[in-house]
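K.L.:
What follows is a single structure, and I will ask about it in a moment.
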Amino acid sequence: MENSSDNSMQVQQIARDNLKEHIKRYNLSKGNDQKALQDVLDYIGKTPLFLAFAKGVANGNPQVITLTTGGTVFVPIFTSLEECGKIAENADITLMKASDYLPIILELNHHAVVNPFGDYFLLWPELMREHMLPFIKEYDAFAAENFAGSTIC
């Protein structure tokens with residue numbers, strides 16, 4: 001019998017791969033496919049993704065890696081280690097739930113970008129604060145109540 005932790009990681013990677021496909025579909029629609037947008041936001045809210053932190057910084061005060069373009073600071077978020085590219089060589093990569101990383105990004109008052117080096121998706125502070133966090137908190141409460149002990153997500 002396969003380890004349930006291994007199964008959970010496989011399910012999570014399938015979800016991250018699906019997120020990539022929904023981002024691609026949304027981008028191909030030039031922002032007009034509202035179903036793709038909803039799918040992207042749902043997957044971001046429910047699927048742990050990878051964030052990069054400064055290498056070797058103490059656990060008590062991790063420093064998130066940022067990218068700056070046109071004067072706007074973005075926190076890169078990745079669907080796979082491969083999407084991290086060269087950032088992974090000089091950073092500590094951590095798999096996190098949106099309910100854990102969105103507050104960090106909002107506290108810094110930054111934007112976020114999922115997969116900045118390929119088909120990407122932008123998250124601006126108002127979207128994260130006003131739409132995503134309430135949904136994520138509701139989903140986490142529902143999951144805690146209904147899936148306690150489950151290792152799927």
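K.L.:
Being within 18 Å of L122 (Cα to Cα), out of contact with any His (no Cβ under 7 Å at 6 or more places or on another chain) and at pLDDT 95 or above is true for just one of P76, P48. Which residue is that?
P.N.:
P76
K.L.:
Another question, if that's okay. Among the residues of region 111-127, is any farther than 24 Å from Y26 by Cα and polar (S, T, N, Q)?
P.N.:
Within region 111-127, not a single residue is farther than 24 Å from Y26 by Cα and polar (S, T, N, Q).
K.L.:
What pairs come up if the first residue lies in region 116-131 and is among the basic types (K, R), the second is modelled with pLDDT under 95 and surrounded by 15 or more Cβ atoms within 10 Å (Cβ to Cβ), and their beta carbons are under 9 Å apart, counting only those six or more places apart or on different chains?
P.N.:
Note: pairs meeting the criteria are R129/L102; R129/L106.
K.L.:
A further question follows. Does L127 satisfy the condition of being more than 23 Å from Q10 (Cα to Cα), touching a Pro at 6+ places or on another chain (Cβ under 9 Å), outside any strand (DSSP E or B) and at pLDDT 85 or above?
P.N.:
No; evaluated as a whole, the condition is false for this residue.
K.L.:
Residue by residue through region 65-116, note down the ones that are β-branched (V, I, T) and in a loop (DSSP other than H, G, I, E, B).
P.N.:
Listed by number, the residues that qualify are I65, T66, T79.
K.L.:
Scan region 81-117 for residues that are on the phi > 0 side of the Ramachandran plot and surrounded by 16 or more Cβ atoms within 10 Å (Cβ to Cβ) and jot them down.
P.N.:
N115
So that you can scan it fast, the table gives a plain yes or no per residue for (1) of a type in the set (D, E); (2) over 15 Å from M132 (Cα atoms); (3) touching a residue at least 40 places away in the same chain (Cβ under 8 Å):
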| site | (1), (2), (3) |
| --- | --- |
| N7 | no, yes, yes |
| I14 | no, yes, no |
| K20 | no, yes, yes |
| I23 | no, yes, yes |
| G31 | no, yes, no |
| N61 | no, yes, no |
| T66 | no, yes, yes |
| T79 | no, yes, yes |
| V114 | no, no, yes |
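K.L.:
Which condition breaks for A52 when tested against (1) farther than 24 Å from Q10 by Cα; (2) not in a helix (DSSP H, G or I)?
P.N.:
Of everything listed in (1) farther than 24 Å from Q10 by Cα; (2) not in a helix (DSSP H, G or I), A52 misses just condition (1).
The values are calculated or read from the model by the stated rules, or taken from the named source; none is laboratory data. Quantities reported herein were computed from a predicted structural model and do not represent experimental measurements. Cβ atoms come from the backbone with ideal geometry, glycine included; neighbour counts cover every protein chain shown.
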